[in-house]
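Q: Would you mind keeping the following structure in view while I ask a few things?
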Amino acid sequence: MSTTPRDDAAPSPPAAARAPRVAPGRKPDWLRMARQGGAEYNDLKRLLRSSRLNTVCESANCPNRGECFGSRTATFMLLGEVCTRRCTFCNIPGGRVAAVDADEPRRVAEAVRELGLRFAVVTSVNRDDLPDGGAAHFAATIRAIRRTVPGCGVEVLIPDFRGDRPALETVLEARPEVLNHNLETVPRLYPALRPQAAYLRSLQLLGRARQWADRLGAAVRVKTGIMVGVGETCDEVLDLMRDAVAHGVQVLTIGQYLQPTVAHHPVARWVPPDEFTRYAEAGRAFGLEWVEAGPLVRSSYHAREQAQGDGDRREQPGAAGAGGG
């Protein structure tokens, strides 16, 4: 149930249709992915290995990895390859985490320069073992990128920092162009998919980010993302959109959940492309500035365009993402 009261006087958005369910099993044609390989793909992999850097593209087994690496883009993942949480949808393993690598921000910045990026996306594993959840490491990475590649924009996809306000402000004070924190799914499914997270805590983080930016006049866009096909209903997705808008979210990404292994949460259904189109229409009617929705859309799909508000290309029902992760 939405945490935001409905405004019966507001214009009704186009309803996300209750499209016929496609039985899970073989992936439909609209989930075809770009092939991996080629000179640019291999060059990027060599750069990442030589720089001792991780990407969420590889660790989370992103379906767009072939296309992104082939165009020399990636979402850098900080603070190791092991997470302190065990979300049932995520391919990143949980377990014993590594020590913080203080040189990692510099290496990320050097890789951004080597790749010729004008917009970089950075995320991390959850690090509940650290007092600030890794916030200072995020901030150091943003500043390193700005020093090394002046004018380069940065999006950060952050964990919830267990609701710690000073940790969030540490990241915001480094002034990323985009502050992204994914809600991932509707509140009813949190116990099954995100047992160590809390829907309201994530909403509050997004709201605090918006309030901080507005108070200081900072040009920070607030963003979130969800996956569908995990057992949610259309009405629950619409309620989540209302909550997101009420907490200051400006940009929303919506993509199809793909089960990493048989041990992970199962796919409930394959969501057809036209349903993504209707979600995008509904989100814009609710007041979201940008909705990126499509079967293969992931968090950093069209990240630069979302940050800058370029053009009017806000939903791509059948397209593969061109940004990492």
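Q: When region 212-265 is examined, which residues are found to be small (Gly, Ala, Ser) and either more than 17 Å from the chain's Cα centre (by Cα) or part of a helix (DSSP H, G or I) (or both)?
A: The first filter runs over region 212-265 and keeps only residues small (Gly, Ala, Ser), leaving 213, 217-219, 225, 229, 231, 244, 246, 248, 255, 263.
213, 217, 218, 219, 231, 244, 246, 263 - these are the residues of region 212-265 that are small (Gly, Ala, Ser) and either more than 17 Å from the chain's Cα centre (by Cα) or part of a helix (DSSP H, G or I) (or both).
Q: Determine which member of the set 280, 219 is under 24 Å from residue 158 (Cα atoms), of a type outside the set (Ser, Thr, Tyr) and surrounded by 22 or more Cβ atoms within 10 Å (Cβ to Cβ).
A: Being under 24 Å from residue 158 (Cα atoms), of a type outside the set (Ser, Thr, Tyr) and surrounded by 22 or more Cβ atoms within 10 Å (Cβ to Cβ) holds for just one of 280, 219, which is 280.
Table: residues versus (1) closer than 23 Å to residue 264 by Cβ; (2) among the small types (Gly, Ala, Ser); (3) at pLDDT 95 or above; (4) crowded, with 24+ Cβ neighbours inside 10 Å.
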residue: 129; (1), (2), (3), (4): no, no, yes, no
residue: 141; (1), (2), (3), (4): no, no, yes, yes
residue: 150; (1), (2), (3), (4): no, no, yes, no
residue: 165; (1), (2), (3), (4): no, no, yes, no
residue: 179; (1), (2), (3), (4): no, no, yes, yes
residue: 193; (1), (2), (3), (4): yes, no, yes, no
residue: 207; (1), (2), (3), (4): no, yes, yes, no
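Q: Next question. Of all residues in region 195-205, which are surrounded by fewer than 22 Cβ atoms within 10 Å (Cβ to Cβ) and either within 15 Å of the chain's Cα centre (by Cα) or within 24 Å of residue 242 (Cβ to Cβ) (or both)?
A: 197, 198, 199, 200, 201, 204
Q: Starting from region 231-243, keep only residues that are under 13 Å from residue 278 (Cβ atoms), then list their pairs with residues that are acidic (Asp, Glu) and crowded, with 18+ Cβ neighbours inside 10 Å whose Cβ atoms are within a distance under 8 Å, requiring at least 6 positions of separation or different chains.
A: Matching pairs, first to second residue: 234/275.
Q: Considering every residue within region 104-124, establish whether at least one is more than 30 Å from residue 267 (Cβ to Cβ), hydrophobic (A, V, I, L, M, F, W, C), touching a Cys at 6+ places or on another chain (Cβ under 6 Å) and modelled with pLDDT of 95 or more.
A: no
Q: Only residues that are closer than 23 Å to residue 136 by Cα, among the aliphatic types (A, V, I, L, M) and out of contact with any strand residue (DSSP E or B) (no Cβ under 8 Å at 6 or more places or on another chain): list them for region 81-116, please.
A: Hits for region 81-116 are 98, 99, 100, 102, 109.
Q: Can you confirm whether residue 139 is touching a Ser or Thr at 6+ places or on another chain (Cβ under 6 Å), part of a helix (DSSP H, G or I) and within 23 Å of residue 97 (Cα to Cα)?
A: yes
Q: Out of contact with any helix residue (DSSP H, G or I) (no Cβ under 8 Å at 6 or more places or on another chain), farther than 25 Å from residue 92 by Cβ, modelled with pLDDT of 95 or more and not aliphatic (A, V, I, L, M) - does that describe any residue in region 257-274?
A: Yes, some residue in region 257-274 is out of contact with any helix residue (DSSP H, G or I) (no Cβ under 8 Å at 6 or more places or on another chain), farther than 25 Å from residue 92 by Cβ, modelled with pLDDT of 95 or more and not aliphatic (A, V, I, L, M).
Q: Can I ask one more? Residue 105 fails exactly one of the following numbered conditions: (1) touching a Ser or Thr at 6+ places or on another chain (Cβ under 8 Å); (2) in a loop (DSSP other than H, G, I, E, B). What is the number of that condition?
A: All conditions pass for residue 105, except number (2).
Q: For region 110-127, which positions are touching a Lys or Arg at 6+ places or on another chain (Cβ under 8 Å) and either among the charged types (D, E, K, R) or buried (at least 24 other Cβ atoms within 10 Å of the Cβ) (or both)?
A: 118, 126
The values are calculated or read from the model by the stated rules, or taken from the named source; none is laboratory data. Because the structure is predicted, anything quoted here is derived from the model rather than measured. We place every Cβ from the backbone using ideal geometry, glycine too, and count neighbours over all the protein chains shown.
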